[in-house]
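Data block below; observations after.
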Amino acid sequence: VPIYVYSVDDDETNMGDGIFENNREAIVTVKNGKATLEFATNPINKSGVISAVTEMKYSTDGGKSYKDVEVLETEKLDISETSYKPDDGSEVPDSITYISHAKLELEEPGAEYVYMMFTVPYTPMDAIGAGDASGDGMSARIFLDWDEAEKTTDSSVNPDTSTSKGKDSSGEDIEDVVLTDKDTGIILDTTTERVSAGADLEIEVLTEGS
């Protein structure tokens, strides 16, 4: 079943949805009337800020109480090139260990949402989570798109650990944009978060003034 990260109050994907960008398909298993959701996550590089989910909690009572997911696999992520600078001036480590593969219990078979708490360190999302009343991370929901669900013979999820660019403010996937001025050879390496995918680059060389 495809899964997405939704805001707590809005039925739309939020900025955290990039953690499932390369691992959209999850597996729901029902046994003896109880259902589990097995899923994988991937790192995000959004505007040069590199991170991933290091902690996850979930709720089976509509967000009243939370418990840790069952961690099946972790991966080490190099964040030494991240552009994020903490407001308090603290140092960002060269790497973090994130949850790449996990499992949780659904409130009931066929549940459409799972209330979650995510910790995505050294990002604006981490700062938002720190200010949350619970203190346990960013509040969100996992949405299970049952309309697109299919039966599978797969017994487990195979995590894709490649990095996602995430989504822009309109919810569209962020893509790389590399533009080259044909006269000067100057290259602009950016993303669709800053310029349109159909943009052209034209450099005007100044011959006077400073």
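The values are calculated or read from the model by the stated rules, or taken from the named source; none is laboratory data. None of the values given here were measured: they were computed from a predicted structure. Heads up, the Cβs are rebuilt from the backbone with ideal geometry, glycines too, and the neighbour counts pull from every protein chain shown. The protein model used for the area step is the full one, side chains on, heavy atoms only, and it has no ligands, DNA or RNA in it. Shrake-Rupley method; radii C 1.70, N 1.55, O 1.52, S 1.80 Å.
Overview of results
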item	result
Cα gyration tensor of the chain - equivalent ellipsoid semi-axes, whole Å, descending	37, 20, 15
Choice from VAL178, VAL53, VAL92 with maximal GNM fluctuation in the chain (Cα, 10 Å cutoff)	VAL178
ASP183/SER47 FRET efficiency (R0 41 Å; Cβ-Cβ; nearest 0.05)	0.90
Percentage relative contact order, segment 28-168, counting C-alpha pairs under 8 Å, at least six apart	32 percent
Calculated [θ] (222 nm, deg cm²/dmol) that DSSP helices of n ≥ 4 give over the chain, each run adding -39,500 (n - 2.57)	-1000 deg cm²/dmol
Surface share of carbon and sulfur [accessible, 1.4 angstrom probe, percent] for segment 30-92	42 percent
Stretchable slack from LEU206 to ASN158, in nm (0.36 nm times residue separation minus alpha-carbon distance)	11.9 nm
Segment 1-77: C-alpha pair distances exceeding 14 Å, %	71 percent
Ranked by how many other beta carbons lie within 10 Å on average, peptides 115-125, 29-39 from highest	115-125, 29-39
Restraint check, LYS57/LYS103; LYS67/LYS151; LYS67/LYS103; LYS31/LYS103, Cα-Cα greater than 19 Å	LYS67/LYS151
Solvent-accessible heavy-atom area per residue, rounded to whole Å², over the chain at 1.4 Å	58 Å²
Karplus 3J(HN,Hα) series, Hz, for segment 138-145 with 6.51 cos²θ - 1.76 cosθ + 1.60 (x for Gly, Pro)	6, 7, 6, 9, 8, 9, 9, 8
ILE27 - accessible surface, heavy atoms, 1.4 Å probe, Å² rounded to 10	20 Å²
Difference of contour (0.36 nm per residue) and Cα-Cα distance, ALA199 to VAL30	56.0 nm
